[in-house]
Amino acid sequence: MAHNLNFNERTNRYSFFSVKENAWHGLGQIVADYPTSAEAMQHAGLDFTVEKRPLFTYDSDNYRGNPDTDIIIPEITIPNFYATVRDDSDEVLGVVGKDYEVVQNKDAFSFFDAIVGGSEGILYETAGTLGKGEQIFITAKLPGYIKVGREDLIEKYIFLTTSHDGSGSITAAFTPVRIVCNNTLNAALRNMTNVVRIRHTANAKQRLDQAHKVMGLSNSLSVEMESIFNSWATVRISDREVKRLIQLAMAPNKETLDNLLKGKEDELSTMYKNTCEDVFAYAMTSETQQMDTTKGTVFGAFNAVTGYFQNVRNFKDDEAKLKSLLLGGTAQGRAQKAFNLCSDFAAGGANALLLN
């Protein structure tokens, strides 16, 4: 199952919902209007709870009951380890330690509900669960836009993911999305981060309740990004400089970067060179790159890298794309490199690209 979406046999539905847009191989529920948090949980099949249950092993010499059934009775408790189990299906999601605190799905939604109050509240756009239910994810739209130029609008989202198998922290990330091409502009800036992580330890729920931290983060990032992107939209960059910026941003390792800087083109991998050509082609030919804010500008160069991963790059499946774009994967790393290069270029011109 390449999509890895949970299929709930009790409801006979995939555990995913999206507002208006098809996603994840067209599976799950498509709803016409933005739901409440309770409705979103139900649409996404997240209306279950998770328990920590003790683990046991067996005494192989000790049988009980009818010997013909070969039923082994658990006799030995495994100390300090527990299974996390869905209450609605009794499926085991993972094995965790004694200090692990389960954060229920409803608490994740409560976190979002607390971020924005009043009539202009948060809008739940997608939510779902992967595997047997061990990982959940939610995306929600914040009020307002980041505006670049007169017509280029960037919507503001917060993405949250948490697991029930002990595999990772509760992670909330601010993710601006450019409307014109559905392009995730995942830039953490130089001195800030767009991610908050909370470990599944004691008081995790209480720390999750401190939603103002993420709201303050998103507000600060929105203001700073709008200023930076509007500045970049006025800085001109040549096609040759765009190509160089792409090469530097897409370099996968120090060896590639060293060969690039030394002009050793023959020692660059074919895959790397082809990828750079694909990004450059997107920069030059995509309809979304022909706007006043992007064509021949540093903002357009940044969009070339982020837009390639969002709109051109092939991923194994939607889960791999999600991890690459939002959870510290390749796309996020390349976007940050591109952001830094664009900042340097805007401040110092072509010297930032180390052109000969």
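Tell me, please, whether a residue that is within 14 Å of ALA187 (Cα to Cα) and either under 26 Å from the mean Cα position of the chain (by Cα) or at pLDDT below 90 (or both) can be found in the range 244-254.
Looking for residues that are within 14 Å of ALA187 (Cα to Cα) and either under 26 Å from the mean Cα position of the chain (by Cα) or at pLDDT below 90 (or both), one finds at least one in the range 244-254, hence yes.
Rundown of residues vs (1) loosely packed, with under 14 Cβ neighbours inside 10 Å; (2) without any contact (Cβ under 8 Å) to a residue 60 or more places away in the chain; (3) in contact with a strand residue (DSSP E or B) (Cβ under 7 Å, 6 or more places away or on another chain), yes/no style:
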{"position": "THR270", "(1), (2), (3)": "yes, yes, no"}
{"position": "ASN274", "(1), (2), (3)": "yes, yes, no"}
{"position": "ASP278", "(1), (2), (3)": "no, yes, no"}
{"position": "THR294", "(1), (2), (3)": "no, no, no"}
{"position": "THR306", "(1), (2), (3)": "no, no, yes"}
{"position": "GLN310", "(1), (2), (3)": "no, no, yes"}
{"position": "SER324", "(1), (2), (3)": "no, yes, no"}
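What residue, of ALA283, ALA304, ALA335, is among the small types (Gly, Ala, Ser), part of a helix (DSSP H, G or I), over 30 Å from VAL196 (Cα atoms) and within 24 Å of the chain's Cα centre (by Cα)?
So the residue among ALA283, ALA304, ALA335 that is among the small types (Gly, Ala, Ser), part of a helix (DSSP H, G or I), over 30 Å from VAL196 (Cα atoms) and within 24 Å of the chain's Cα centre (by Cα) is ALA283.
Which residues, taken from the range 221-250, are over 22 Å from ALA173 (Cβ atoms), surrounded by fewer than 19 Cβ atoms within 10 Å (Cβ to Cβ) and of a type in the set (Val, Ile, Thr)?
THR234, VAL235 - these are the residues of the range 221-250 that are over 22 Å from ALA173 (Cβ atoms), surrounded by fewer than 19 Cβ atoms within 10 Å (Cβ to Cβ) and of a type in the set (Val, Ile, Thr).
Answer yes or no: is there a residue in the range 117-124 that is β-branched (Val, Ile, Thr), at pLDDT below 85 and within 20 Å of PHE339 (Cα to Cα).
No.
Scan the range 48-87 residue by residue and report those that are modelled with pLDDT of 90 or more and in a loop (DSSP other than H, G, I, E, B).
Listed by number, the residues that qualify are PHE48, THR49, ASP87.
In a loop (DSSP other than H, G, I, E, B) and either in contact with an Asp or Glu (Cβ under 8 Å, 6 or more places away or on another chain) or touching a residue at least 12 places away in the same chain (Cβ under 8 Å) (or both): does that describe THR288?
In short, no.
Filter the range 131-168 down to the residues that are part of a strand (DSSP E or B) and among the polar types (S, T, N, Q), then identify the one that is surrounded by the most Cβ atoms within 10 Å (Cβ to Cβ).
THR162
So is LYS213 modelled with pLDDT of 85 or more and either surrounded by 19 or more Cβ atoms within 10 Å (Cβ to Cβ) or not in a loop (DSSP other than H, G, I, E, B) (or both) or not?
Judged against the criteria, LYS213 is not a match.
Looking only at the range 192-210, how many residues end up being modelled with pLDDT of 70 or more and more than 16 Å from THR171 (Cβ to Cβ)?
1
The values are calculated or read from the model by the stated rules, or taken from the named source; none is laboratory data. Everything numeric in this text was worked out from a predicted model, so none of it was measured. Cβ: placed from backbone, ideal geometry, glycine included. Neighbour counts: every protein chain shown.
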